[in-house]
Structure formats: structure tokens, C-alpha cells
Amino acid sequence: MGEIEDGEADHITTDVQGQKCALVCECTAPETVSRKDNLPFLNTVLKNPVCKLYRFPTSDNKWMRIREQMSESILSFHIPKELISLQIKEDLCRNQELKELGELSPHWDNLRKNVLTHCDQMVNMYQDILTELSKETGSSFKSSSSKGEKTLEFVPINLHLQRMHVHSPHLKDALYDVITVGAPAAHFQGFKNGGLRKLLHRFETERRNTGYQFIYYSPENTAKAKEVLSNINQLQPLIATHADLLLNSASQHSPDSLKNSLKMLSEKTELFVHAFKDQLVRSALLALYTARPGGVLKKPPSPKNSTEESSSQDPPPPMRRQDSIPHHSDYDEEEWDRVWAHVAKSLNCIIAMVDKLIERDGSGEGGDGSGKDGEKGHSLGDSVITHPQEDWYEQLYPLILTLKDCMGEVVNRAKQSLTFVLLQELAYSLPQCLMLTLRRDVVFSQALAGLVCGFIIKLHTSLYDPGFLEQLHTVGLIVQYEGLLSTYSEEIGMLEDMAVGISDLKKVAFKITEATSNDVLPVITGRREHYVVEVKLPGRMFESLPLQIKEGQLLHVYPVLFNVGINEQQTLAERFGDVSLQESINQENFELLKEYYTVFMEKMPPDYISHFQEQNDLKGLLENLHQNIQAKKRKNVEIMWLAATICRKLNGIRFTCCKSAKDRTSMSVTLEQCSILRDEHQLHKDFFIRALDCMRSRQTQGALNESDDPETGCLTDNKPTSRHFYPVALLLVSSHLLVVWLILSLALLLAKYQ
């Protein structure tokens, strides 16, 4: 009979009296086939595992053992709460910067007040959602019946790990993980006007074509302004800290410490100066100049002569409709160059002084210790004796003070000008702009929760694989999303949301640190344009990592989405609707996958690449995938299979998504698992359908009884359900037969109720 490992069997079914399942036993104990799964690190992320054990014959009539496990993840709620907290801080900081923008003309001041009113309302909304999420207890995932609840809209739907552990008589044990989750989408806000992909394009087109009372900045310029502001906020305190360390080294009269402190100060200051060389800062200063009352700067530009000084005080002409950045004849554009150049000059003075002090100190040491040099040694000693107790601190302190003053002037002007750029984006089409930001935050939160869950599980599974760890810090990880949404009705909007949410994951990087306590839950830092997820590992696991990862190198991910609608609504879309959205998404993401493959082949060591080429022809798989995407075949599930195969061969993270991560997702995952058993583990060809039916069988899926369903929790009669029959038929019959089948089914239903 069945083998049950550290758990009680709920039921056991054998292949007797015509039953299809070869051998099944169901248990609720955590997996013990792999001792790694008992580590506290993974147990803090996953909970409530549901396990099943199978035995199927191989092609040589031996037995393979399969353990199937589905687990919930507490990250479903943890990540959204972390993210919302960051977004609240970011918005509060932005609101404060808008208030500190300085005096503006009545037109711009009224716009600022209006923006602040709406922004404060959005912050209050985020705070209320965070408060409600903090009250959530009990279930660690959001069921599909709750996808329309406002307080849970940041939480992903049905986020689970689906793991298959295969113990084969001939091959090495293997783990196959798929993260299943509902498509990241703003269900509460609805899809009447489409999803993010369409809404963002429409918003940007309208903003570009409507310049009245506003200054148009492209999305790239707006993102650049946010990036520079973030760099300012990070670099300014770092430079101040390194400057203080330099003074501390000077007070200790330590040449080596002084050199190290100067090196760090120089590197950070050079980055600081480089950030302001962008043309956007110059144009933003000009735009802000025109928005001041009378067009006069708070601090007049440094005059080159009396003529320039008098002309700079002339008031500018009235502000007109502006379709681009304004130009003003009285504005001294060179003044900004002089301001930020003073920072570089101050740094050069500090470097020269440090070199001079160290040179004198070296000369003094040489004179004291060179008794063999006779008169020359004495003369050098005499020259140093003139300053026997030279105070390095006193020599450097005025220069450090000048550097800080120059840097403060640069920061003040740059912050105000770039905040004015952000005001343009917010002032246009309130509150539509903020509602788009909310929608994008909601979708991104759902996508990020799944990504962090998948990354941690992948890291844990491959922690002791040197090739994977080298790939992780050299190239990064491919993250492949398999979408099963149709291009019909509301699911078009869901797919548009999902495409943008997954694309936004490019701005996420991971950093692995050593856990200093029992709390190993991930921590998120950053802002909307760039987030860093800190994954904590216990000390023993952290020590096994490569030096680059232990030193804090950022680890990048490359998300790609391939979508193929498979349900009856997709049949209608292909017959009478439009599937161009699906085709464009697949083509765009194929190019991203191809780029990753190119980087992978260029950066990975030759011996590692040769191993891949021996195991499979990745180039051939990519070409086959491209041909299938170009073929535009109806319900071409070969696209999904090829993309999944390439992802697994590249050590990637696999996701499967549909509307709610239930029917279509379960059909796809079970089909994929049986295909892996057939292709990779020599499942007997006569048992493929039996294994598929066994994994999908009502008798072997605890969630098929509503009494066992975590989404309902109620008791019902043990009646067969038909909700799984539609996806099975859709995967097995052609679209022509499907239409006939739908017509016959409708006729039977009408006849039954008549």
C-alpha cells in the first residue's frame, strides 16, 4: 500500500476494480523527504501544507514516488503591509517638499494647494488600509471571494506554493516548484475603462496634448526627477558623515585613516556632483524661476558685471500657454553651473590640503628616522620642527564647513526645482493621476508579494548549488509568468493590469543579509521607482553564499509574461473579438527573454554554459517559441509549455496565473506536472492519462469537498462538481468541436428546465 512519511493518512486509494489512480495517500504532515524543508527559514514563509503521495510505474516497470504539496504563504499580507508603509512615508515626504517649495505666483500656489488637498486624502486612505490589514488574523491568504474588498485590494489572490518532489529509481531526486496566484489586478476599482496598460497610455496622451496652465514633462523626465531627489536624500547625509569622519581622523593625526576617509568622501561627493549634470535640473530651475512672483529668484544670480545684474532684476513677461519647458531671457543659466561647481572646487581644496598634511607628516618621519643622511636629515627635521604640533583638524575644519555650505545651497535649489517638476504631473487631471497611482500600487503590491515568495523559495531550494549562486549574482534570475486570462470582457482589463504590474517588477532588486534574530521575514526599502527587498538568512546558511552576495551586491530579476487564453470566453474573443493585446504582450516579452538569454551566454563561465548546451538546446527552444508566437495559432498552449521549459532550464522562478488561481490554474499545473513526469522521469506512457486524472480527481483533492475548501468552510453533500469539466474539455478539444459542444450543452440545459 502507500508509504506515509511522518503523517496520518486521510484516505488511501489503490488501483483496483478499475480505479484510475495507481496509488494515492493523502496527509497533512510537512514534507520530510528533503530535510531542508524543516529549516525555520522556510517555515516562517510557508504554512498550512497539504500533501499527497503517489506511486506511478516507469517505462521499465519500476515505481517512482511523487509527493505533491500545496502551502500558503504569510507573505500574502506581510509584503503589502511593508509596501504600504513605505508608500505612506514617501507620500508624506513629497507633500512636505511641496509645502517647502517656497513662494509661488497665485496661479501656481492655487495649484499646489489643490494638489496637497488631494494628496493628503490619499495618504489618509493608505493609512486606513494599513490599519485594516494589521487587524487581519487567521487565514494567511486572500480567497477569490474577497477580491472585491477594498481593504484587501493590495493582497494577492490565492497565493500558494505548488511543489512536486519526485523520487525516481534511476534519476536523482528532483523538486519542481510553481507559484500559483490570481492575476495581479485592481478588482475593487473594476475594469469598465480598461486596465493599467490602456489607462496609462490614454493619460499620457491627454497630458501631452493639453499644455494649458501646465508644463509638460515626459514620464522619463518625471522618473528622472524622482531619481535625482532620491539620490540627493541619500547622498547628502552620507557626505556629511564622511566629512565628520575625515575631521575625526584629522584630530587623531592618523594618515592612513585620513586617506581612507578622504577616499570615501571623494567618491560620494563625485556622485553628488554628477547627479546635477543632467539637463533636467537646469530646465527645472528655469521653470521654477518663471513660477516665482514676478519671476524673481529668491536669491539673485551672482552677477558677472553691472549690466547683467541690472538686467536680471527685470520682471519676466506674463506666463502663457506652455507645451514645453519655458525659456526666459533674464535668467542666468550659467549661475547653476557655478553653484554646483563650487562643491567640486571645495572637494579639490580638501584633497589638496590632505595631501599637503600627509606630505609634511611623511617628511617629518623621514627626517627623524634617517640618521645616516647627515645634514640632509637634520635640515628636513628643522623644517618640520617649525610646526611640531600642527593641528590637522584646524586646517581642515574651514574647508569641510565650506563644502557643507556649498552642498546645502545646491540641495536647496535642486530639491525645489525638481519638486516643481513633480507638481506638474500631480496638478494635471486631479484626481485621475492619483487614482492611477493607487491602481498601480495595488497591482504592484500583489505582484511583489508573489515575487518575494518565489525568490525566497528558489533561494532555499538552490542554496547549495554553486552554479545557481553564481548565476544569481552574475546575471540575475528570470521570472516567468504563465497567464491564462482571456482577451474578452473584464479579463482584458485584468490582463492589462497584470502586464504593467509584472513589468514594474523590473525595478525590484534583492539583497541577502545575515539574520541577527529569529525574525527572518523580508524587509523592503526604497521608493516607487526602485525597491530593495532584504532577505535574511540564518548565519549557517549565510556563510555558504559567495563573497559578492555576502558583501551586499544587489540581485536583479527579469520578469516575463506569456499569456494564452484557454477558456470558452477566449473562443468568443478569437471568433468575434480582438486578440492583439495577447499577441503584443507575448512578442514584447519574448524580446525580453531573448535579451536575458544573450546576457546569460555572455557572462556565465564557458563550462557552465557547456553543461546547459549538453542538457538542452536553449537556442532551439527559443526559436521554437518565437515561431509559435508568430504563428498566431488559436489557443496555442505550446507557447506556455515552451516558455515554462526554458524557464526551468535557466533556473528561473515559475508562476501560473488566471483570474482567481483555481480552475484554469489547477488544470495547467497538473498537466505540467504529468508532462514533467513523462519527459524527465520516464513515466509509463500508458499511465499518463491515469496520472493526470489521479491528480485532478475529486477523490484525491481535498479542496474539492467544500467542507475542506478554505474559501467556504461549509459542509455540503458529496455531489460531483462540474467546475473542473470545462477547463478539461478546453484543453482536450479543438475550438471547432468546442463550439458544437457548447451548443449541445445549451440545448440540453434548455430541455431540462422546460
Express the accessible area of the stretch 139-187 per residue in Å², computed with a 1.4 Å probe while the remaining protein chains stay in the model. 29
Using only C-alpha atoms and all pairs of different ones, pull out the Kirkwood radius for the stretch 385-446 in Å with one decimal. 16.2
What list of ³J(HN,Hα) couplings, whole Hz, do you get for the stretch 49-56 from phi and the Karplus terms 6.51, -1.76, 1.60, once you set θ to phi - 60° and write x for glycine and proline? x, 10, 10, 9, 10, 10, 9, 10
Result for the stretch 472-527: accessible area per residue, probe 1.4 angstrom, in square angstrom, of 29
Sort 554-560, 349-355 for me by packing, meaning the mean count of neighbouring Cβ atoms within 10 Å per residue, highest on top. 554-560, 349-355
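Count charges around HIS684 for me, please; just the other residues with Cβ under 11 Å from its Cβ, Lys/Arg as +1, Asp/Glu as -1.
+2
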Taking every pair of alpha-carbon atoms in the stretch 517-646, what share in percent sits in each 10 Å bin, from 0 to the bin with the longest distance? 9, 28, 25, 24, 11, 2
Show me 649-658, 425-434 ranked by packing, highest mean number of other Cβ atoms within 10 Å first. 649-658, 425-434
Arranged from highest to lowest average of other beta-carbon atoms within 10 Å per residue, in what order do the peptides 80-88, 133-141, 665-673 appear? 665-673, 80-88, 133-141
Fraction of accessible area attributable to carbon and sulfur, the stretch 385-500 (%, probe 1.4 Å): 53
Within the stretch 493-530, whose backbone N sits under 13 Å from a point 7 Å along Cα→Cβ of ASN233? 525-530
How much of the accessible area of the stretch 60-148, in percent, comes from carbon and sulfur atoms when a 1.4 Å probe is used? 50
How many angstrom lie between the Cα centre of the stretch 206-277 and the Cα centre of the stretch 105-174? 32
Set LYS99/LYS506; LYS550/LYS603; LYS47/LYS172; LYS224/LYS507; LYS150/LYS192 screened for pairs whose C-alpha atoms are more than 22 Å apart: LYS99/LYS506; LYS47/LYS172
May I ask you to give the percent of accessible area on the stretch 625-699 that is carbon plus sulfur, with a probe radius of 1.4 Å? 46
Three principal axis extents, largest first, for the C-alpha atoms of the stretch 50-192, in Å? 85, 31, 29
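The values are calculated or read from the model by the stated rules, or taken from the named source; none is laboratory data. Keep in mind it's a predicted model, so treat the numbers as computed, not measured. Heads up, the Cβs are rebuilt from the backbone with ideal geometry, glycines too, and the neighbour counts pull from every protein chain shown. Keep in mind that these areas ignore ligands, DNA and RNA; they rest on the heavy atoms of the full protein, side chains included. Shrake-Rupley method; radii C 1.70, N 1.55, O 1.52, S 1.80 Å.
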